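Trainee: Below you'll find the structure I mean.
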Amino acid sequence: MKISVYYLDDEEKICEIFAEFFNSERVQVSTFIDANEAIEASNKNAPDLFFIDYQLSGMTGDEVAFAVEPSIPKMLVTGDLTSQCKYNFEKVIAKPYKFSEIQKIIDSYCTSKPSLAGGGFR
Amino acid sequence: MQNKFAKFDDFEIFFNMSQDMLCIAGTDDFFKKVNPAFRRTLGHSDEELLTKPFIEFVHPDDTLATLDKIKELRSGSLTGYFENRYRHKNGSYRIFSWSASLDRESGGLYCVARDLTAIRHTESQLHQINKALHNEAIVAVTDSAGTITEVNEKFCQISGYSEAELIGQNHRIINSGVHPKHFFQQMWKTISAGKSWSGMIENRCKDGTHYFVYTIITPIFDAQGKISNYFWIRFDTTKHIELKSIFKKHLAILNEMGSIAKVGGWELDIKTGNLTWTDETFRIFELEPKLGYSPILPEGLELYTEQSKPIIEKAINRAIEFGESYSLELQAKTAKGNVLWVYTNGKANYIDGKIITLSGTIQDIDLRKINEQKYELERMKSIQNAKLASLGELSAGIAHEINNPLSIISGIAQSFPKFLSNPEKLNAYAGEIEKSCDRISRIVSSLKKFSRSSDENNKTLHCLRDIAHEAIILTEAKSKRHATAVSFACRSDALIMCDVGEIEQVIINLINNAIDAVCELPEKWVELILFEQGNHLVFKVRDSGPGISPDIQDQLFDPFFTTKNAEKGTGLGLSITKGILDEHKATISIEQGESNTCFMIEFEKYRTEKNEN
């Protein structure tokens with residue numbers, strides 16, 4: 001079963017490059033540049049992993065985090081580590097990031113997650 | 001024994017040598033004999049005197065009286081001295097005093113005449129002087145004991161006593177009691193010793209009021225050389241004394257005012273070079289005000305520092321020569337060696353078209369000047385601090401603005417192996433790298449420009465449009481974060497003379513304020529507008545807000561005024577913004593009649609950038 005990864009960043013090119021690199025047989029990357037769209041999609045189909053950029057147009061990353069399902073593992077991606085963040089993210093990743101670091105996170109999720117037998121999408 | 005002088009010839013000698021005039025007048029009213037004194041006194045020759053009736057020589061006004069006298073004499077009565085006027089050859093008249101006797105035998109009149117012209121003239125002068133004194137001055141005569149024997153009308157007027165009340169009184173009657181005993185003792189000592197005395201005396205009227213008189217007392221001697229009377233001549237100086245007292249009071253008030261306001265006055269007499277100073281001027285220069293001491297111009301000039309002295313000298317010379325007024329702030333060097341800032345001004349004063357004096361004020365502005373300098377220092381510090389704070393706020397956005405392009409470059413680099421074989425992808429991504437690099441360069445360059453420290457008074461020519469563009473770049477992160485569109489309608493590339501860092505600071509502040517102001521509104525935008533209007537360059541920052549209420553508008557530019565809470569520091573208060581613009585001779589205001597909030601700045605245009613092509 002493919003893992004669903006959401007990537008939210010208002011910089012379109014960054015989303016494009018992320019999707020380009022991480023889309024594979026095991027991983028389905030969905031990218032969003034608009035926070036509200038991302039929240040809506042998440043509520044419809046909760047992703048397995050949610051990467052959220054802090055500086056978005058219209059709202060901050062932790063506002064998005066509060067708006068979606070609490071059980072979804074969320075990673076904060078930020079260009080400014082000193083920014084005050086209210087939400088307790090699983091991980092905080094600094095921009096620019098190493099793809100290997102992202103890969104490790106995705107892999108660790110895959111191993112910790114038991115394979116889904118049947119059932120449907122959550 | 002024969003008296004050797006009693007010869008008949010001696011009488012002849014008497015007759016010829018006498019200074020007095022001797023003559024014999026006949027019954028026919030002619031002179032029969034005249035002595036040489038006649039000729040000498042009247043200038044007529046003997047012949048002239050003897051061939052005319054003597055009445056012809058008499059003054060027309062005296063002829064009747066003279067004829068009467070002759071009749072009297074002829075009738076035998078003894079007459080005393082008789083005066084009339086006789087005509088000199090030159091037409092003038094001499095006053096003669098006659099004594100005459102009738103010789104019954106011959107009927108001739110034997111007369112002696114004395115020329116009293118000079119004496120009468122002196123007497124007349126004396127009389128006229130006396131009259132003038134009695135009319136114009138206050139006159140009194142006392143005996144040697146000080147008892148009043150005579151007073152004139154003016155004495156009665158000023159003292160309030162009638163003549164009857166004064167005559168017979170001792171002079172003490174008008175004493176005011178003001179003068180100490182020894183004052184009068186000294187006076188009496190002087191006049192009783194035969195010397196005249198003069199001085200100012202305060203006397204008392206009948207009704208108790210006081211008056212001031214300048215008094216001259218002179219002793220009058222009798223024939224034995226003893227003092228018979230004292231003559232008192234006085235002049236009323238009460239008004240003069242009153243004016244002097246008013247003048248003194250005014251001077252005191254002037255000095256008091258000067259001392260409170262710390263303003264001193266000065267006057268220069270151009271002819272003598274003497275300076276007149278008020279007390280405060282002395283104080284400013286740390287000199288003791290000495291009564292009657294008048295410094296001279298060179299001394300006054302010495303009280304300035306080496307740098308200031310030539311400036312004040314030049315100003316004074318120009319004022320003397322051309323009547324040019326001056327107004328200067330200089331450094332004075334007091335008598336004690338202290339240096340302090342003073343403000344001094346001067347103007348020329350004319351009498352009949354000529355410059356006679358210069359006058360002006362001098363004020364201690366040391367405290368003000370020092371505070372001004374302190375304020376300027378603080379202001380520069382504030383601007384620097386505000387800039388740093390501003391930088392702080394910008395840095396979050398800037399970090400974001402740099403890290404995103406960096407992420408793109410980093411991402412592409414890390415994905416590189418994946419699309420090496422895809423030339424299309426390669427090209428596209430190469431382009432992206434370039435774009436990202438440009439983005440980073442732009443931010444770095446804007447940052448550099450912004451972080452430049454503000455040099456004092458270092459204004460250069462800049463295009464306001466370019467400054468606005470830089471400001472937009474630096475605030476891009478914030479505007480994006482708040483999803484607020486910032487647009488720029490630019491219709492001018494005109495230049496202004498300015499400190500570019502400070503003006504950029506001002507624009508950034510206005511944009512940030514606008515973004516903050518609209519962040520809760522449904523419609524969020526900020527519009528920058530730049531256009532020319534006559535000699536001015538107009539820059540507006542408009543936002544989608546509903547405007548600022550009129551009662552806040554007045555306070556908007558006051559220091560410490562804010563509608564934001566303490567945490568949301570914007571870095572640069574509107575009061576500092578206004579201060580910067582004031583210094584650039586630009587104005588900032590809220591545009592009236594606009595439904596949206598609109599700040600309007602007007603700069604003086606320097607000149608339009610010439611378009612090369």
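Trainee: Among the helices (runs of 4 or more DSSP H) confined wholly to segment B:248-350, which include 1 or more residues that are surrounded by fewer than 17 Cβ atoms within 10 Å (Cβ to Cβ) and not polar (S, T, N, Q)? Full working, then the answer.
Mentor: On the way: elements: B:279-284, B:297-301, B:308-322.
Correct list: B:297-301, B:308-322.
Trainee: Run B:Lys271 past the list (1) at pLDDT 90 or above; (2) under 16 Å from the mean Cα position of the chain (by Cα); (3) basic (Lys, Arg) and report the number of the one that doesn't hold.
Mentor: Every condition holds for B:Lys271 apart from (2).
Trainee: For segment A:30-55, which positions are within 14 Å of chain B (Cβ to nearest Cβ) and either closer than 17 Å to B:Lys418 by Cα or polar (S, T, N, Q) (or both)?
Mentor: A:Thr31, A:Asn36, A:Gln55
Trainee: Related question: Every residue in segment A:51-72 that is over 19 Å from A:Cys15 (Cβ atoms) and surrounded by 17 or more Cβ atoms within 10 Å (Cβ to Cβ), please.
Mentor: The one that is over 19 Å from A:Cys15 (Cβ atoms) and surrounded by 17 or more Cβ atoms within 10 Å (Cβ to Cβ): A:Asp62.
Trainee: Taking B:Leu22 as the residue in question, decide whether it is outside any strand (DSSP E or B) and of a type in the set (A, V, I, L, M, F, W, C). Write out each step before concluding.
Mentor: Values: outside any strand (DSSP E or B): no; of a type in the set (A, V, I, L, M, F, W, C): yes.
Taking the combined requirement at face value, the residue does not satisfy it.
Trainee: Would you point out the residue of segment A:56-97, among those that are over 18 Å from B:Asn404 (Cβ atoms) and part of a strand (DSSP E or B), that is nearest to the other protein chains (Cβ to nearest Cβ)?
Mentor: A:Lys91
Trainee: Starting from segment B:380-402, keep only residues that are away from chain A (no Cβ under 14 Å) and in a helix (DSSP H, G or I), then list their pairs with residues that are at pLDDT below 70 and surrounded by 21 or more Cβ atoms within 10 Å (Cβ to Cβ) whose Cβ atoms are within a distance under 9 Å, requiring at least 6 positions of separation or different chains.
Mentor: B:Ser382/B:Leu572; B:Ile383/B:Leu572; B:Ala386/B:Leu572; B:Lys387/B:Leu572; B:Ala389/B:Leu572; B:Ser390/B:Leu572
Trainee: Mind counting the residues in segment A:9-35 that are modelled with pLDDT under 90 and among the aliphatic types (A, V, I, L, M)?
Mentor: Residues meeting the conditions: 0.
Trainee: Give me the residue from segment B:38-84 that is under 17 Å from B:Asp20 (Cβ atoms) and of a type in the set (Ser, Thr, Tyr) and, out of that set, modelled with the highest pLDDT.
Mentor: Among them, the one singled out is B:Thr41.
Trainee: Checking B:Arg442 against (1) charged (D, E, K, R); (2) within 14 Å of another protein chain (Cβ to nearest Cβ); (3) in contact (Cβ under 8 Å) with a residue 12 or more places away in the chain, which single condition isn't satisfied?
Mentor: Exception for B:Arg442: condition (2).
Trainee: Are any of the residues in segment B:318-332 of a type in the set (Ser, Thr, Tyr) and farther than 22 Å from B:Asp366 by Cβ?
Mentor: yes
Trainee: Look through B:Gln373, B:Gln414 and report the one residue that is of a type in the set (S, T, N, Q) and away from chain A (no Cβ under 14 Å).
Mentor: That would be B:Gln373, the only listed residue that is of a type in the set (S, T, N, Q) and away from chain A (no Cβ under 14 Å).
Trainee: Is there any pair linking a residue in segment B:534-546 that is in contact (Cβ under 8 Å) with a residue 60 or more places away in the chain to one that is of a type in the set (Lys, Arg) and part of a loop (DSSP other than H, G, I, E, B), with Cβ under 9 Å and at least six apart or on different chains, and which?
Mentor: If the second residue must be of a type in the set (Lys, Arg) and part of a loop (DSSP other than H, G, I, E, B), the pairs left are B:Asn535/B:Lys605; B:His536/B:Lys605; B:Leu537/B:Lys605.
Trainee: Hey, which of the strands (runs of 3 or more DSSP E) in segment B:472-542, taking only ones fully inside, have at least 1 residues that are hydroxyl-bearing (Ser, Thr, Tyr) and more than 20 Å from B:His584 (Cα to Cα)?
Mentor: Correct list: B:485-490.
Trainee: Take the residues in segment A:1-21 that are within 22 Å of A:Cys110 (Cα to Cα), surrounded by fewer than 21 Cβ atoms within 10 Å (Cβ to Cβ) and in contact with a helix residue (DSSP H, G or I) (Cβ under 8 Å, 6 or more places away or on another chain); name whichever of them is farthest from the other protein chains (Cβ to nearest Cβ).
Mentor: That would be A:Ile3.
Trainee: Determine which single condition B:Thr63 fails, assuming it passes every other condition in (1) in contact with a helix residue (DSSP H, G or I) (Cβ under 9 Å, 6 or more places away or on another chain); (2) under 15 Å from B:Phe96 (Cα atoms); (3) crowded, with 17+ Cβ neighbours inside 10 Å; (4) not hydrophobic (A, V, I, L, M, F, W, C).
Mentor: Only one criterion is unmet by B:Thr63, namely (3).
Residues checked against (1) surrounded by 18 or more Cβ atoms within 10 Å (Cβ to Cβ); (2) modelled with pLDDT of 90 or more:
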position: A:Glu37; (1), (2): no, yes
position: A:Ser83; (1), (2): no, no
position: A:Lys95; (1), (2): yes, no
position: A:Lys104; (1), (2): no, yes
position: A:Tyr109; (1), (2): no, no
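Trainee: So which of B:Leu49, B:Leu73 ends up being under 14 Å from B:Phe96 (Cβ atoms) and either of a type in the set (S, T, N, Q) or in contact (Cβ under 8 Å) with a residue 12 or more places away in the chain (or both)?
Mentor: B:Leu49 is the lone residue from the list that is under 14 Å from B:Phe96 (Cβ atoms) and either of a type in the set (S, T, N, Q) or in contact (Cβ under 8 Å) with a residue 12 or more places away in the chain (or both).
Residue-by-condition table, conditions (1) touching a Cys at 6+ places or on another chain (Cβ under 6 Å); (2) over 18 Å from B:Leu391 (Cα atoms):
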site	(1), (2)
B:Ala428	no, yes
B:Ile443	no, no
B:Lys449	no, no
B:Asn458	no, yes
B:Leu474	no, no
B:Phe488	no, yes
B:Asp493	yes, yes
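Trainee: Scan segment B:317-340 and report the pairs whose first residue is of a type in the set (S, T, N, Q) and whose second residue is assigned to a helix (DSSP H, G or I), with Cβ atoms within less than 8 Å and a gap of 6+ or a chain change.
Mentor: B:Ser325/B:Ala319; B:Gln331/B:Ser308; B:Thr334/B:Ile284
Trainee: Hey, could you check segment B:417-426 for residues that are of a type outside the set (D, E, K, R) and more than 9 Å from every other protein chain (Cβ to nearest Cβ) and say which is nearest to the chain's Cα centre (by Cα)?
Mentor: From segment B:417-426, those of a type outside the set (D, E, K, R) are B:417, B:419-423, B:426; that's our starting set.
Those still in the list that are more than 9 Å from every other protein chain (Cβ to nearest Cβ) too: B:417, B:420-423, B:426.
Details: B:Pro417: 93, B:Leu420: 93, B:Ser421: 96, B:Asn422: 94, B:Pro423: 92, B:Leu426: 88 Å.
Step by step, filter segment B:417-426, then rank; the result is B:Leu426.
Trainee: Being in contact with a Ser or Thr (Cβ under 9 Å, 6 or more places away or on another chain) and either at positive phi or exposed (fewer than 15 other Cβ atoms within 10 Å of the Cβ) (or both) narrows it down to one residue among B:Tyr81, B:Tyr86; which is it?
Mentor: None of the other options fit; the residue is B:Tyr81.
Trainee: Here's another thing I want to ask about it. Determine whether B:Leu406 is more than 12 Å from every other protein chain (Cβ to nearest Cβ) and of a type outside the set (Gly, Ala, Ser).
Mentor: Here the answer is no, as B:Leu406 does not meet what is asked.
Trainee: Among B:Ala514, B:Ala471, B:Ala477, which is the only one that is crowded, with 19+ Cβ neighbours inside 10 Å and in contact with a His (Cβ under 7 Å, 6 or more places away or on another chain)?
Mentor: B:Ala477
Trainee: Test A:Ser24 against the criterion of being surrounded by fewer than 16 Cβ atoms within 10 Å (Cβ to Cβ), under 18 Å from A:Gln103 (Cβ atoms) and over 14 Å from the mean Cα position of the chain (by Cα), and give yes or no.
Mentor: Criteria met by A:Ser24.
Trainee: Same structure, new question: Scan segment B:455-463 and tell me whether some residue there is outside any strand (DSSP E or B) and in contact (Cβ under 8 Å) with a residue 60 or more places away in the chain.
Mentor: Within segment B:455-463, one or more residues are outside any strand (DSSP E or B) and in contact (Cβ under 8 Å) with a residue 60 or more places away in the chain.
The values are calculated or read from the model by the stated rules, or taken from the named source; none is laboratory data. Just so you know, these numbers come straight off a predicted model, no measurement behind them. As a convention, Cβ positions derive from the backbone with ideal geometry for all residues, glycine included, and neighbour counts pool all protein chains shown.
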